[in-house]
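Scroll down for the structure; my scribbles are underneath it.
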Amino acid sequence: MFFRRVFPGSTSRLSIVDHNESYGRHILAKILGSTHVDTALDLGCGNGDDLKIVSKYYPRSKLYGVDSGEWNFADLKIRGIEPIKLDIEKSTLPFTDSSLDLIIANQTLEHTKEIFWINHEIFRTLKIGGRLFIGVPNVLSLHNRILMLLGQHPTQHKLISAHVRPFSKVDTTRFYQTIGGRFLRLAGFWGSQFYPFPGFIARPLSRLFPNLSFSIFFLIEKTADYQDEFIRWTEQAKLETNFFCGEKDR
């Protein structure tokens, strides 16, 4: 059987696809070899699989996992991860400025509206030299481009699903370079999951054509002090949306 029964908008019906590839954890493992980590935070940590990889490379590191619900907190504690319950779109992260070595946001940002506040908190808490690892669905993946040519909606951003923001390599790179060019740099870009191919074909295709992959991954390094550029951007650019920029007027 090539198709499986799923709840509409939840995941792909194709059974031949290795859906674990969408999380790109082999990519995270690859970059950890060149990233020293004493403290790591995972935004939308789920059951802690990404932080488990961090722990494998840096067993003495302090690990924190943020999520909006407590359903995985018991398992997180068993794995040596300190769980934190909060809404990343409206809350201040409970860390001092420039205190974290690594922040992970893997398959999280597509669920959020408050992209400016979230990045404000990320770069406030990252150390200079600290890194942000992002994994998001790619609205310009090969299969989405074909679907749109046929008049069909991209699979990862249907109204019936939980995703509210689309991402692509060009647009995401422009976002960070335009707002953060003074204090960050793009240190790496990869793709994973080449839908609708099975894993043994998908991984090499993603290496060759990362910007056509189902999921895309960015490694962003903080290179200088952060000065509230992300939340100041909403006012400077006169964005006509009620973005959350903190409790006080800026």
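The values are calculated or read from the model by the stated rules, or taken from the named source; none is laboratory data. Just so we're clear, the structure is a prediction, and the values are computed from it rather than from any experiment. Every residue, glycine as well, gets a Cβ built from its backbone with ideal geometry; the counts of neighbours run over all protein chains shown. These accessible areas exclude ligands, DNA and RNA; they are computed on the full protein's heavy atoms, side chains included. Shrake-Rupley method; radii C 1.70, N 1.55, O 1.52, S 1.80 Å.
Got the relative contact order for the chain handy, in percent, Cα pairs under 8 Å and 6 or more residues apart?
Reported as a whole number, the value is 20 percent.
If the only charges are +1 at each Lys and Arg Cβ and -1 at each Asp and Glu Cβ, what is the size of the charge dipole of the chain around the Cα centre, to the nearest 20 debye?
760
Using per-residue counts of other Cβ atoms within 10 Å, averaged over each peptide, order 130-140, 217-227 from highest down.
Listed from highest to lowest mean packing, they are 130-140, 217-227.
Given +1 on the Cβ of Lys and Arg, -1 on the Cβ of Asp and Glu, and no further charges, what dipole in debye does the stretch 100-165 carry about its Cα centre, rounded to the nearest 20?
100
About the Cα centre of the stretch 163-237, what is the dipole size in debye to 20, counting +1 per Lys and Arg Cβ and -1 per Asp and Glu Cβ, all else neutral?
Numbers: 9 positive and 6 negative charges, 64 e Å.
It works out to roughly 300 debye.
Say the dipole of the stretch 10-91 comes from +1 at the beta carbon of Lys and Arg and -1 at that of Asp and Glu; which of Gly69, Ile27, Gly46 then lies farthest toward its positive end?
Ile27
In whole Å, what is the distance between the alpha-carbon centres of the stretch 195-250 and the stretch 41-77?
The two parts, judged by their Cα centres, are 21 Å apart.
Express as a percent, rounded to the nearest 5, the fraction of DSSP beta bridges in the stretch 155-250 (both residues included) that run antiparallel.
Close to 100 percent.
If you restrict to DSSP beta bridges whose two residues both lie in the chain, what percentage is antiparallel, to the nearest 5? Before the final figure, lay out each step's value.
On the way: 16 of 35 bridges.
Around 45 percent antiparallel, to the nearest 5.
Let me make sure I get this right: for the stretch 148-250, a, b and c are the square roots of the gyration tensor eigenvalues over alpha carbons, sorted descending. Under 1.5 in a/c it's rounded, otherwise prolate if a/b > b/c, else oblate. Which is it? Show your work: numbers first, answer last.
Numbers: a/c = 3.00, a/b = 1.55, b/c = 1.93.
Oblate, since a/c reaches 1.5 and b/c is not below a/b.
Expressed as a whole number of Å, what is the distance separating the alpha-carbon centroids of the stretch 146-167 and the stretch 94-137?
First find each Cα centre; the distance between them is then 25 Å.
Please work out how much accessible surface Arg185 shows to a 1.4 Å probe, ignoring ligands, DNA and RNA, in Å² rounded to 10.
110
Which value, in Å to one decimal place, does the Kirkwood hydrodynamic radius take for the chain when every pair of different Cα atoms is included?
Every distinct Cα pair counted, the radius reaches 18.9 Å.
From the helices alone, meaning DSSP H stretches of at least four residues, give me the mean residue ellipticity at 222 nm for the chain, per-run term -39500 (n - 2.57), in deg cm²/dmol to the nearest 500.
Values: 8 runs with 72 residues, N = 250.
-8000 deg cm²/dmol, from helical runs alone.
Go from 0 up to the bin containing the longest alpha carbon distance in the stretch 176-230, width 10 Å each, and give me the % of pairs per bin.
Computed distribution, short to long bins: 25, 33, 23, 16, 2.
Of Lys169/Lys238; Lys77/Lys158; Lys30/Lys62, which sit over 31 Å apart, Cα to Cα?
Lys77/Lys158
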